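This report concerns only the one structure given below.
The values are calculated or read from the model by the stated rules, or taken from the named source; none is laboratory data. Keep in mind that what you see is a predicted model, and the values were worked out from it rather than measured. Using ideal geometry, Cβ is built from the backbone for each residue, glycine included, and neighbour counts are taken over all protein chains shown.
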Amino acid sequence: MSREDLGAFARKMEREGLPQIAIDAFMRAASFVAEGGATTISEASIESIDHLEHLDGLEAHASAGRAAASKTVVLKLNGGLGTSMGLSKAKSLLPVRDGITFLDLIARQILAQRANWNSPLPLVLMNSYRTRDDSLEALSAYPDLVTDLPLDFVQHKVPRIDVESFTPSTWRDDPSLEWCPPGHGDLYIALKSSGMLDELLERGIRYAFISNADNLGAVLDPRILGWFAERGLPFAMEVAERTEADRKGGHLARRGGQLMLREVAQCPEEDLPHFQDITKHRFFNTNNLWLDLEALAAALDATPGGLPLPVISNKKAVSPKDDGSPRCYQLETAMGSAIECFEGAEAIVVPRDRFAPVKTTADLLTLWSDACEMTEDARMVAVDPEAHRARVIDLDSTYYGRVDSLAARFPVGAPSLIKCRRLSIVGDHTFGADVVVEGDAHLVNESDEPIQIRDGAVIGED
């Protein structure tokens with residue numbers, strides 16, 4: 001594959017108005033894949049990790065963290081549309097409680113911490129071009145959030161690659177499908193190209209706490225901030241102990257003496273048993289990251305085309321609604337993989353309650369229920385954390401897989417799940433008010449007609 005062949009990608013990105021740093025980063029990734037570069041990481045090339053520091057041991061750093069808050073930004077990744085749940089807008093605009101969305105809680109958390117710490121503590125979103133307008137409109141309800149910094153910057157987009165010809169994919173029915181997000185590893189160059197990195201540094205902001213907008217457990221913790229600042233770390237990752245439910249999630253390892261991250265898409269098939277061995281690879285990435293912005297600026301000065309993040313290649317249909325559409329490659333990078341780019345980067349083990357993402361409608365139903373409660377500082381927490389970790393909710397995707405379908409079948413609210421160990425629903429059921437689920441509950445409807453669960457019903461093994 002010649003540079004001229006690859007030049008079609010650069011020309012397409014230039015016509016779209018993408019900045020040079022985004023073009024350079026994509027061209028490097030495309031060249032790497034075109035030349036047969038390995039996008040997998042073998043088990044033989046890495047070492048497992050036995051021990052890391054734990055958040056419980058960082059109490060002495062809390063006062064330093066509160067002092068460092070005046071030099072800190074909270075950065076939320078807000079580019080996800082929640083398409084797997086049938087959404088066409090930002091997932092962060094989903095309701096957590098009546099009239100309260102993820103973004104509402106994020107805004108309230110920031111305002112509460114500003115008041116508690118007497119700190120300006122800016123909030124900045126990394127939006128996509130599809131989530132920006134709706135998200136900024138939602139945040140306009142919180143005028144006190146506004147600082148002299150912009151509330152957001154926008155991540156880049158990159159061309160999809162035709163599998164057969166390794167040229168830019170085309171799809172005349174919907175040209176927007178010729179593009180895809182480059183993964184959240186785009187964060188670093190998007191900070192640079194948007195001017196946000198320079199603005200933050202000019203205002204004396206040195207530290208960034210970064211997390212996904214759908215992770216309601218990710219609040220700024222002064223103990224971690226103080227530990228990060230006092231240790232002078234360039235980069236830190238929050239990790240949690242893997243359970244059986246995390247066997248497919250990316251895990252932390254060590255390569256050449258440096259911490260690194262391996263995602264399942266980077267694992268050779270023959271090494272999957274090792275990847276899924278939670279006793280060998282004990283820690284997974286929560287995607288809660290801490291970043292020294294001065295260290296990032298220096299790293300980007302040294303590598304103007306962006307950090308040398310490992311490339312992940314995913315093969316998909318160009319149109320998600322048409323399995324017969326041409327196959328394409330999507331080249332992505334993972335934000336957490338930057339841990340390998342910063343000498344001296346570390347990881348800290350955190351409790352599971354700092355990792356509470358909403359990935360499915362089952363997660364959302366649990367959030368709506370009495371199994372979770374909202375704290376005064378606008379956090380959503382499990383009422384019984386141990387039971388919450390063990391609880392399994394399995395919903396029939398045909399009837400409950402989309403948010404609108406879920407809401408239609410729980411028109412007066414979620415059932416009580418606080419005493420539920422497992423809820424399995426097969427077929428169409430509509431729930432009345434004040435339904436209680438206890439123990440193990442299995443509902444099956446094999447007919448075409450919905451079953452109505454009466455008001456006040458108690459469902460369970462007894």
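From (1) touching a Pro at 6+ places or on another chain (Cβ under 8 Å); (2) over 28 Å from Ala382 (Cα atoms); (3) of a type in the set (A, V, I, L, M), pick out the condition that doesn't hold for Ala229.
(1) is the only condition that Ala229 fails.
Every residue, every condition in (1) hydroxyl-bearing (Ser, Thr, Tyr); (2) out of contact with any Lys or Arg (no Cβ under 9 Å at 6 or more places or on another chain); (3) at pLDDT 90 or above, yes or no:
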site: Thr39; (1), (2), (3): yes, yes, no
site: Ala44; (1), (2), (3): no, yes, yes
site: Ile49; (1), (2), (3): no, no, yes
site: Ser63; (1), (2), (3): yes, yes, yes
site: Ser70; (1), (2), (3): yes, yes, yes
site: Leu75; (1), (2), (3): no, yes, yes
site: Ser84; (1), (2), (3): yes, no, no
site: Pro95; (1), (2), (3): no, yes, no
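crowded, with 20+ Cβ neighbours inside 10 Å, acidic (Asp, Glu), over 28 Å from Arg160 (Cα atoms) and in contact with a Pro (Cβ under 6 Å, 6 or more places away or on another chain): which single residue out of Asp292, Asp214, Asp221 fits that description? Spell out the reasoning first.
On the way: Asp214 fails: over 28 Å from Arg160 (Cα atoms); Asp221 fails: in contact with a Pro (Cβ under 6 Å, 6 or more places away or on another chain).
Result: Asp292 is the single residue among Asp292, Asp214, Asp221 that is crowded, with 20+ Cβ neighbours inside 10 Å, acidic (Asp, Glu), over 28 Å from Arg160 (Cα atoms) and in contact with a Pro (Cβ under 6 Å, 6 or more places away or on another chain).
Given the criteria under 30 Å from Val146 (Cα atoms) and touching a residue at least 60 places away in the same chain (Cβ under 8 Å), does Ile46 qualify? Walk me through how you get there before you give the answer.
Details: under 30 Å from Val146 (Cα atoms): no; touching a residue at least 60 places away in the same chain (Cβ under 8 Å): yes.
No: the conditions fail for Ile46.
Pairs only if they're at least six apart or on different chains, beta carbon under 6 angstrom, first in segment 279-306 and in contact (Cβ under 8 Å) with a residue 40 or more places away in the chain, second aromatic (Phe, Trp, Tyr) and surrounded by fewer than 16 Cβ atoms within 10 Å (Cβ to Cβ); list them, first residue then second.
none
Filter segment 384-411 down to residues that are touching a residue at least 24 places away in the same chain (Cβ under 8 Å) and in a loop (DSSP other than H, G, I, E, B) and give me whichever is farthest from Thr360 (Cα to Cα).
Among those that are touching a residue at least 24 places away in the same chain (Cβ under 8 Å) and in a loop (DSSP other than H, G, I, E, B), it is Asp384.
May I ask you to say which residue of Asp148, Asp162, Asp98, Asp173 is under 25 Å from Ala356 (Cα atoms), of a type in the set (Asp, Glu) and either in contact with a Cys (Cβ under 6 Å, 6 or more places away or on another chain) or in the same structural domain as Leu197 (by TED's automatic domain parsing) (or both)?
Just a single option satisfies the conditions, and that option is Asp98.
Residue pairs, Cβ under 8 Å, 6 or more apart or interchain, first in segment 111-123 and in contact (Cβ under 8 Å) with a residue 24 or more places away in the chain and at negative phi, second among the hydroxyl-bearing types (Ser, Thr, Tyr) and outside any strand (DSSP E or B). List them.
Within 8 Å, the pairs are Leu111/Tyr142; Gln113/Ser119; Ser119/Ser70; Pro120/Ser70; Pro120/Thr147; Pro122/Thr147.
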